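Data block below; observations after.
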Amino acid sequence: MLQTLVSRNDDIRRLAERGYAISFDNNYLVVRDIPYLGPERALKWGAIATLLVFEDKEKVRQQNHQVSFAGSAPHGLDGKPIPNLGDTPHQIQLSNVEPRVVVERQFSNKPAAGYVDFFDKIERYVTIISGPAMDLHNVTPLTFNSYGSSPDESVFKIRDTLTTRAEISDLAAAFKNEIVAIIGLGGTGGYVLDFMVKTPVKAIKAFDADAYHVHNAYRSPGRLLDDGELRKTKAEVYAGRYNNFRHGLHFDAKYIDETSSGDLEGVTFAFVCVDKGSAREKIIDLLISLGIPFIDVGMGLNRKHGSISGGVRTTLFSAEDAQAVRDAQLVPTHDNPDDIYKTNIQIAELNSLNASLAVLLYKKKLGLYVDDDPFFNLIFQVGDMRLVRQSVEI
C-alpha cells in the first residue's frame, strides 16, 4: 500500500525522496526516526503519525492540522517543553510492526495559512520537534530507513477509514475471527446482512432460497438495481450488491434445516431471520446441538382497529444458556393454523429496527458496546414506543 501511496500522491512521494522513514499503518502515515530532546536535553527518538483521508482507493488528503506523536514531551535547548505544540494526551491503535509505534500524545500547531499538503505538514512539525536535537546532537530525521508497513489484512475491498477516524480499531479487532451465519434474507435478514457486511468479521455465510419479488424491494436495504434482480433468488441478488464491498462473503440459495450442519461448519455466531415457526424450530435445535450462539428475530404486526399495532422481538441464545432460553418458550416454534389468512405485514422501518437491535446485542456481547445489564429478550411495541427488556430465570 505504501508504494501505491507514494506513486499516486506527490506530497508523500516527496517525503520518501527527501529521506523520511515513512510507512503506512492502519490508515495512518507514520514517520519514524524523529529525533527530539527529552528532559535535561537528552537525545530521544520518536515517531509522527497523521491520519490519511482517502478520496478514492489511492488518493489521500489531510483530515486536519494535527498529528499524533509516539514519545515524551519534546524539549527545547533551554530544557523546557517546546511551547505552542498544543500537547495533549492521546492514543491511537497501530499495528505491532517493529519497532513499535506507541502514540502517547497529540500536537496541534496550525500556521495562519494552514498546511498545503502532507509534505508541508511533516516538514513544519519536524522543524519544531527535532530542531533542538538536530542542533545539539548533530542528528537528522532523514535516515532513508525502511520499516515494514502493517500487513493489509482487511476484509474490505475499500479502505475502512470509518473505524480509524473513530479511533475504535482496538474494539473492532474483536470481530477478526468471527464467522457469522445469516439464515433468511427477507426484510429483517436483509438489514442484518447490510449491517454485518460493514462489520469487520472474518466471513459471512448467508442462506435463502426464496426468490426476490417486488414486495421485497419495499422492505429491504438499498434500491432495485435492475429488473433482472426480480428473476433471481435473494441470495443471488445480495451477492451481486455486496461482493464488491468486502471479502469473505458466501451466499447459498438454500434453506437451512436439521440436515445442514455441514453448511454451518466454522460458524461462530448466527442470526435466525425466518418467519415460519416450524422452520425456526429445526434451525434453533440444530444451532443448539452445534453449540453455536445465535440471535432469533421476529415481528408480529396486525391491523385490527384501523392503524397497525404489534411489535418486534430480539432473543439471544448464548452458547451457555441456549437450551434454557429455548425451554422458556420466548420464540414461536409452530406454524399458525390460520396462516392462510394472515397478511404478513412487514414494513421497512420495523425490519430495520429489528435488525439494528439484533446487531447491537451481538456487538455488545463482543465488547464493542457497554453491556451493563445483560438480558436475553427485547420487545419493542409500536403503540407506546417502549422497549422492554426481558430477563429469564435460567
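For the range 163-390, a/c is less than 1.5, where a ≥ b ≥ c are the root eigenvalues of the C-alpha gyration tensor. That puts it in the rounded class. Compared with the dominant Cα axis of the chain, that is its longest principal axis, helix 348-365 is turned about 60°. For the residue pairs LYS157/LYS365; LYS276/LYS364; LYS234/LYS365; LYS198/LYS365, the C-alpha atoms sit more than 24 angstrom apart in LYS157/LYS365; LYS276/LYS364; LYS234/LYS365.
As a footprinting exposure proxy, order TYR125, TYR147, TYR218 by other Cβ within 10 Å, with the fewest listed first. Show your work: numbers first, answer last.
Values: TYR125 23, TYR147 18, TYR218 12.
Fewest-to-most ranking of TYR125, TYR147, TYR218: TYR218, TYR147, TYR125.
Ranked by the mean number of other Cβ atoms within 10 Å of their residues, highest first, the peptides 186-196, 290-300 come out as 186-196, 290-300. Among the listed pairs LYS44/LYS121; LYS205/LYS232; LYS57/LYS232, a Cα-Cα separation exceeding 24 Å is found for LYS57/LYS232. Footprinting exposure proxy ranking of THR140, THR127, THR333, fewest other C-beta atoms within 10 angstrom first, gives THR127, THR140, THR333. Taken over the alpha carbons of the chain as equal point scatterers, the Debye sum produces base-10 log I(q)/I(0) values at 0.07, 0.11 Å⁻¹ of -0.46, -0.86.
Listed by chain and number, the lysines whose C-alpha is less than 16 Å from the C-alpha of LYS282, apart from same-chain residues fewer than 8 away, are LYS254.
Centroid-to-centroid, using Cα positions, the range 212-286 and the range 12-83 are 46 Å apart.
For the chain, a Gaussian network of Cα nodes joined below 10 Å ranks GLU236, GLU123, GLU281 by mean-square fluctuation, and the top entry is GLU123.
Across ASP11, ASP372, ASP160, mean-square fluctuation computed from a Gaussian network of the chain (C-alpha pairs under 10 Å connected) peaks at ASP372.
Helices in the chain, meaning DSSP H runs of at least 4 residues, each add -39500 (n - 2.57). Divided by all residues, the mean residue ellipticity at 222 nm is -8000 deg cm²/dmol. Applying the Kirkwood pairwise sum to the alpha-carbon positions of the range 2-152 produces a hydrodynamic radius of 15.5 angstrom. Using a Gaussian network model of the chain in which every pair of alpha carbons under 10 angstrom is joined by a spring, one finds that among LYS365, LYS202, LYS304 the greatest mean-square fluctuation is at LYS304.
Among 112-122, 379-389, the peptide with the highest mean count of other Cβ atoms within 10 Å heads the list, and the full ranking is 112-122, 379-389.
Quick note: the coordinates plus some simple rules give every number you see, no bench work behind them. A quick note: this is a predicted structure, and the numbers were derived from the prediction, not measured. Glycine also receives a Cβ, built like all others from the backbone with ideal geometry; neighbour counts cover every protein chain displayed.
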